[in-house]
Amino acid sequence: MSSATGSTRKRDPSALHVCFWGVRGSIPTPGRATSRYGGNTSCVEIRSGDQILILDAGTGIRNLGSALRREFKSRPLQLTLLLTHTHWDHIQGFPFFQPAYQANNRIEVYGAQGTRHGLAKLLTSQMESPFFPVGLRDLPSSIVIKDLGNDTRSMGQLRVDSIRVNHPGHCVGFRLVSSRSSVGYFPDNELASKLKGHGRIRLPDLELEVFIRGLDVLIMDTQYSRREYPSHLGWGHGCMEDVVRLAGRAGVKHLVMFHHDPDHSDMALDGMLRRARRIAQAGHGSMKVSAAREGLTLKL
Ligand SMILES: [Zn+2]
Ligand SMILES: [Zn+2]
């Protein structure tokens, strides 16, 4: 469980608040061409009451850390960080996360131990000399690394379900369910229907469809367009057009396109979003579609 007492922001305690801090896939892409959607890699903040959950620690987590510092000042924080996997774009921001440098903070990090070296070893190694000047164990906060373990666990007011996805190495997707709403988070996933014969299928599309059925918000990998996808077959990322159709079939209420390709400018993403909305309308009609951008907040 994570909690942070004394929040100064006005929030509805029974609602889920989702805030996007990093939306880019693969590598940070600062610059004028990406300034509207943002260039930081995967990081999403979820708040439920005074509970704070963080999904992935891409470079977006640095700005989240600064915002938490401004909000809570030196008051102690209890945070939960859920990692989908340990590719750079999902862990690289952690060494720059300010709350980790404050002695009275506690950070519980959950991830799959299914990797060959284990989560603790992987997180420690990215901060070892000569890669970084401060070791993970030297950080003043109390950092507890835990195995995600079973597919379902309860964290404070939320139920967190995880499922292994189609992505190189060990990678999972999450479903977070509160008493009133639900969010799915699949930053890296390739749909199985296209993958046949080109890679190992760990999550058949039908199983994914059941897992995401009826979600209020689904944040999902739509890195490539249908035109780009064939040259990236087996890379572990979604084809936007197929993801929109799958989410529509699953009765998702709001699809948020995520893990934008580093080569996609703001204009390119505007175009993808327009196409995605047309597909959604042509299908079942009622699903809302957005493209994630830094600073976007949703209240459920
Ligand atoms: Zn990624
Ligand atoms: Zn990855």
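Could you tally up the Lys pairs in the stretch 16-299 with alpha carbons closer than 19 Å? Skip any pair fewer than 8 positions apart unless they're on separate chains.
On the way: K121/K146; K253/K288; K253/K299; K288/K299.
For the stretch 16-299, the number of qualifying lysine pairs is 4.
Using a Förster distance of 22 angstrom, determine the FRET efficiency expected from the C-beta separation of M267 and S66, and round it to 0.05. Mind showing how you got there, number by number?
Numbers: r = 29 Å, r/R0 = 1.31.
Result of the calculation: an efficiency of 0.15.
So what is Rg over Rh here for the stretch 16-299, counting just Cα atoms and using Kirkwood for Rh?
Details: Rg = 18.0 Å, Rh = 18.9 Å.
Using Cα coordinates only, the ratio equals 0.95.
Go through the stretch 224-237 residue by residue and turn each phi into a ³J(HN,Hα) via Karplus (6.51, -1.76, 1.60, θ = phi - 60°); whole Hz please, and just put x for glycine and proline.
Residue by residue, the stretch 224-237 yields 10, 7, 4, 6, 7, 4, x, 7, 10, 4, x, 7, x, 10 Hz.
Using a 10 Å cut-off around each Cβ, can you sort D151, D221, D188 from fewest to most neighbouring Cβ atoms? Please report the intermediate quantities before stating the final value.
On the way: D151 12, D221 27, D188 30.
Taking fewest neighbouring Cβ atoms as first place, the list is D151, D221, D188.
Among D270, D89, D138, rank each residue by its count of other Cβ atoms within 10 Å, from fewest to most, as a rough exposure measure. Please list the in-between numbers first.
On the way: D270 14, D89 26, D138 8.
Placing the least packed residue first, the sequence is D138, D270, D89.
Note down the magnitude of the dipole of the stretch 102-167 about its Cα centre, charges +1 on Lys and Arg C-beta and -1 on Asp and Glu C-beta and zero elsewhere, to the nearest 20 debye.
Dipole size: approximately 100 debye.
Can you give the net charge of the other residues whose Cβ lies under 14 Å from the Cβ of H167, counting K and R as +1 and D and E as -1?
Numbers: positive: R164, K194, R200, R202; negative: D56, D89, D188, E190, D221.
Net charge in that neighbourhood comes out at -1.
How many percent of the alpha carbon pairs in the stretch 151-199 exceed a separation of 17 Å? Provide the component values of the computation, followed by the final result.
Details: 512 of 1176 pairs.
Within the stretch 151-199, distances greater than 17 Å cover 44 percent of Cα pairs.
How would I143, I219 line up from fewest to most surrounding beta-carbon atoms within 10 angstrom?
Numbers: I143 19, I219 28.
Placing the least packed residue first, the sequence is I143, I219.
Principal axis extents for the stretch 102-181, Cα atoms only, whole Å, descending order, please.
Principal extents (largest minus smallest coordinate, Cα): 44, 35, 17 Å.
At a 10 angstrom cut-off on C-beta neighbours, averaged per residue, how do the peptides 199-206, 57-64, 250-257 rank from highest to lowest?
The peptides rank, most packed first, as 57-64, 250-257, 199-206.
How many nm separate the modelled label positions at S74 and A282, each set 7 Å beyond the Cα in the direction of the Cβ?
6.0
Could you work out how far apart the two model spin labels at W235 and N150 are, taking each label as a point 7 Å from the Cα in the direction of the beta carbon, and quote it in nm?
It is 3.9 nm.
For the chain, what is the mean residue ellipticity at 222 nm derived from helices alone (per DSSP H run of n ≥ 4: -39500 (n - 2.57); sum divided by total residues; nearest 500 deg cm²/dmol)?
Details: 7 runs with 61 residues, N = 300.
Rounded to the nearest 500, the figure is -5500 deg cm²/dmol.
Using the Cα centre of the chain as the reference point, and only Cβ charges (+1 on K/R, -1 on D/E), how large is the resulting charge dipole? Debye, rounded to the nearest 20. Let's see the in-between values first.
Details: 39 positive and 27 negative charges, 135 e Å.
Rounded to the nearest 20 debye, it is 640 debye.
May I ask you to derive the FRET efficiency for R11 and S142 from their Cβ-Cβ distance with R0 = 35 Å, giving the value to the nearest 0.05? Each step should come with its number before you reach the end.
Numbers: r = 26 Å, r/R0 = 0.73.
Once rounded, the FRET efficiency stands at 0.85.
No value in this document is a laboratory result; all are computed from the given coordinates. Given the structure is predicted, the values throughout are model-derived calculations rather than measurements. Cβ atoms come from the backbone with ideal geometry, glycine included; neighbour counts cover every protein chain shown.
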